[in-house]
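So the structure is just underneath, and the comments pick up after that.
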Amino acid sequence: MNTIFRKSMLSVAGLAFAGGVFAGPIAAHAATPAVDAKPVAVAVQSAAPKPQGDQSRITLNDEQSANVKAIIAATKNAGLPERAAVISIATSLQESKLENLGHLGDKNDHDSLGLFQQRPSSGWGTPEQITDPAYSTTAFLKGLKQVDGWQDMPLTDAAQTVQVSAYPDAYAQWEQQATDLVGQHWNS
């Protein structure tokens, strides 16, 4: 069952329960006869945005899968919802293909390191911190939380606001795979 639908149904059930708790004692003493009520179907619209544009997908090795799990764990530890994990994983797919990259010599983009290609010279942390998946994810999430409305904006806009990439639209191509990975690992 999809998480948004499940949460919506729990919200409806919670409202029904709360209504019963507050109206119950009053209704129990009322002289009105019972009403033959029929169940009502509730239409729930998914709030998750649809991926933008053409989507890319890669096959993950064990290291990349472990990094997905580390990103999800850090997101949960930060108390953020699945959408934050989707944005984080899509960002890491674009920046490093979910590989915890060290210094790449001549192929390095300045001093970018780790899953999110964060730069020590830009204040993201030390090289040791940036190459720690939990730390780098927490640093990314800290930046994400500072973006007003990140929960409702297109993934690529949220990621770009944090990352300030030369290729701002590139994050969108990973949204479906990131969504699938979060769906697969969020409750495991």
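General remarks:
- Approximating the spin labels as points 7 Å out from Cα along Cα→Cβ, the Ala73-to-Tyr167 distance works out to 3.0 nm.
- Here's the picture: charge each Lys and Arg Cβ at +1 and each Asp and Glu Cβ at -1 in segment 70-149, and of Leu115, Gly79, Ala139 the one pushed furthest to the positive end of that dipole is Gly79.
- Cβ crowding within 10 Å averaged over residues, with 170-176, 71-77 ranked highest first: 170-176, 71-77
- 3J(HN,Hα) couplings calculated from phi for segment 53-59 with the Karplus curve 6.51 cos²θ - 1.76 cosθ + 1.60 (θ = phi - 60°) are, in sequence order, x, 5, 9, 10, 8, 10, 8 Hz; Gly and Pro show x.
- Solvent-accessible surface (1.4 angstrom probe) belonging to Thr179, in square angstrom, nearest 10: 60
The values are calculated or read from the model by the stated rules, or taken from the named source; none is laboratory data. It should be emphasised that the depicted structure is a prediction, and the values quoted were computed from it without experimental measurement. In this analysis, Cβ positions are derived from the backbone assuming ideal geometry, glycine residues included, and neighbour counts consider all displayed protein chains. Each accessible area value is taken on the protein alone, full model and side chains, heavy atoms only, with ligands, DNA and RNA left out. Shrake-Rupley method; radii C 1.70, N 1.55, O 1.52, S 1.80 Å.
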